[in-house]
Amino acid sequence: MSSHPSTAVSTANGSAPVVRCEGVYKIFGDSAESMLRESGGTVDSQKFMEAGLIVGVNNVSFDIHQGELLVIMGLSGSGKSTLLRCISRLTDATAGQIFIEGQDILQMNSKQLIELRRNKMGMVFQNFGLLPHKTVLENIAFPLQVKGQNTRDSVARAMEMVQLVGLQGRENYFPRELSGGQQQRVGIARSLAVEPDIWFLDEPFSALDPLIRKEMQDEFLRLQDVLGKTILFVTHDFDEALRLADRIAIMKDGVVEQLDTPANIVLNPATEYVRKFTEDVPREKVLTVASIMDAVNPAESHGSLRVSRDAVIESVAEEILGQEDPVAVVDGEGAVVGTLHGAHVLKVLFGGRSSASPSESR
């Protein structure tokens, strides 16, 4: 099996990672540990399967830093949910080390693990898991009361969360009286009520219809902008990953094939599998204005339109293509840092995939 250097990610800002995985394996079966030792850490999924074992996670190493949103994705059976469960220790890894804020959680006893989950972690799953006999407010307050908080304080905190996720006026509804999207908001509010440092989300929106799903993604992005959580988010939907992720880890047969920014994954796939996985992704959904802008030319005049260097091309393409003059690109302070030309945008929108090599075209 080929190695994947992109799975080990160094920090750009020098801060200690919130989550660190080092050589994590999860293999299901009675002889998993002995066969892993015999393999010397080089696991062939097919050979292990022939021996009656299932490889869920295969030698995964990476760091996640404060405020980062890492999306783990892959097809069904790729190991993405198993990896999430290992990092939250809902499943015990077969081998390796998993550090949460410097503590190896695989060495924790049950009491330490319970404390970590209560005080550091929030979890949201595809199955909302709401208590049907409790109201919205009671569902959200429940984990606080489990922690020992009194009723008055837990209800006050729950009302703050109701407002945060936009469910004012429905706090006394029961789950059966809510839509799927509203139930998911309750699940999100409940997990946020305990103020987790790390948030684990496993396919949280996949049971929702497309319109509600997009609405929940928008809400999720708003919450992340306000709260700045460290997040591991599992999905099989690449469009969802592109919308949400700071970085994406693509898995296949338990291996992280590539871990990188959405743009780098699409433009510079590390393996043939990643290339095929991403070949139909429209580049305008991934690339930002900064990635295609030209340098400022003092002799060139701009029109009145200004676009942010951080904007995704898809979101500003129509405006840019409607301009006769070059468009100024600005940074967060409003300073002009580049220029966009309509012809260049057109080339990205309609010429990107035609520039593939002959061996890549069909």
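The values are calculated or read from the model by the stated rules, or taken from the named source; none is laboratory data. Bear in mind that the values here come from a model prediction, so they are computed numbers and not experimental data. Virtual Cβ from ideal backbone geometry, glycine too; neighbours counted across all protein chains shown.
Please state which one of Leu223, Leu211, Leu167 is in contact (Cβ under 8 Å) with a residue 40 or more places away in the chain, at negative phi and out of contact with any Cys (no Cβ under 6 Å at 6 or more places or on another chain).
Values: Leu211 fails: in contact (Cβ under 8 Å) with a residue 40 or more places away in the chain; Leu167 fails: in contact (Cβ under 8 Å) with a residue 40 or more places away in the chain.
Exactly one residue qualifies, and that residue is Leu223.
Can you name the residue in the stretch 171-181 that is touching a Lys or Arg at 6+ places or on another chain (Cβ under 9 Å) and modelled with pLDDT of 90 or more and, of all such residues, is surrounded by the fewest Cβ atoms within 10 Å (Cβ to Cβ)? Give the derivation first.
Taking the stretch 171-181 and keeping what is touching a Lys or Arg at 6+ places or on another chain (Cβ under 9 Å), we get 174-175, 177-178, 181.
Next cut, modelled with pLDDT of 90 or more only: 174-175, 177-178.
Numbers: Phe174: 16, Pro175: 19, Glu177: 12, Leu178: 18.
Result: Glu177.
Any idea which of (1) within 30 Å of Asp237 (Cβ to Cβ); (2) hydrophobic (A, V, I, L, M, F, W, C); (3) in contact (Cβ under 8 Å) with a residue 12 or more places away in the chain is the one Leu106 doesn't satisfy?
Among (1) within 30 Å of Asp237 (Cβ to Cβ); (2) hydrophobic (A, V, I, L, M, F, W, C); (3) in contact (Cβ under 8 Å) with a residue 12 or more places away in the chain, Leu106 violates only (1).
Which residues, taken from the stretch 269-321, are within 21 Å of Glu240 (Cβ to Cβ) and in a strand (DSSP E or B)?
If the condition is that a residue be within 21 Å of Glu240 (Cβ to Cβ) and in a strand (DSSP E or B), then Thr288, Val312 are the ones that fit.
Considering only residues that are touching a strand residue (DSSP E or B) at 6+ places or on another chain (Cβ under 7 Å) and either assigned to a helix (DSSP H, G or I) or surrounded by fewer than 19 Cβ atoms within 10 Å (Cβ to Cβ) (or both), which ones fall in the stretch 100-115?
Answer for the stretch 100-115, where residues must be touching a strand residue (DSSP E or B) at 6+ places or on another chain (Cβ under 7 Å) and either assigned to a helix (DSSP H, G or I) or surrounded by fewer than 19 Cβ atoms within 10 Å (Cβ to Cβ) (or both): Asp104, Ile105, Leu106.
Considering each residue of the stretch 253-275, count those that are modelled with pLDDT of 90 or more and surrounded by fewer than 16 Cβ atoms within 10 Å (Cβ to Cβ), and give that number.
Residues meeting the conditions: 2.
Which ones in the stretch 240-249 are over 12 Å from Leu83 (Cβ atoms) and part of a strand (DSSP E or B)?
Across the stretch 240-249, the qualifying residues are Arg247, Ile248.
In this structure, does Val281 turn out to be touching a helix residue (DSSP H, G or I) at 6+ places or on another chain (Cβ under 6 Å) and either surrounded by fewer than 22 Cβ atoms within 10 Å (Cβ to Cβ) or without any contact (Cβ under 8 Å) to a residue 12 or more places away in the chain (or both)?
For Val281, the condition - touching a helix residue (DSSP H, G or I) at 6+ places or on another chain (Cβ under 6 Å) and either surrounded by fewer than 22 Cβ atoms within 10 Å (Cβ to Cβ) or without any contact (Cβ under 8 Å) to a residue 12 or more places away in the chain (or both) - is met.
Considering the stretch 19-35 alone, what residues qualify as being modelled with pLDDT under 95 and surrounded by 20 or more Cβ atoms within 10 Å (Cβ to Cβ)?
Residues of the stretch 19-35 that are modelled with pLDDT under 95, as a first pass: 29-35.
Answer for the stretch 19-35, where residues must be modelled with pLDDT under 95 and surrounded by 20 or more Cβ atoms within 10 Å (Cβ to Cβ): just Ala32.
With respect to Val226, is the statement that it is farther than 21 Å from Leu164 by Cβ, of a type in the set (Val, Ile, Thr) and out of contact with any Gly (no Cβ under 8 Å at 6 or more places or on another chain) true?
So Val226 does not fit the description; no.
Of the numbered conditions (1) farther than 30 Å from Gly77 by Cβ; (2) surrounded by fewer than 17 Cβ atoms within 10 Å (Cβ to Cβ), Leu137 satisfies every one except a single condition; which is it?
(2)
Please go through the stretch 113-134 and give me each residue that is modelled with pLDDT of 85 or more, under 24 Å from the mean Cα position of the chain (by Cα) and not aliphatic (A, V, I, L, M), ordered by number.
Arg117, Lys120, Gly122
Scan the stretch 186-216 for residues that are assigned to a strand (DSSP E or B) and hydrophobic (A, V, I, L, M, F, W, C) and jot them down.
Ile198, Trp199, Phe200, Leu201
Can you tell me which residue among Arg85, Arg118 is touching a helix residue (DSSP H, G or I) at 6+ places or on another chain (Cβ under 8 Å) and in a helix (DSSP H, G or I)?
Only one candidate passes the filter, namely Arg118.
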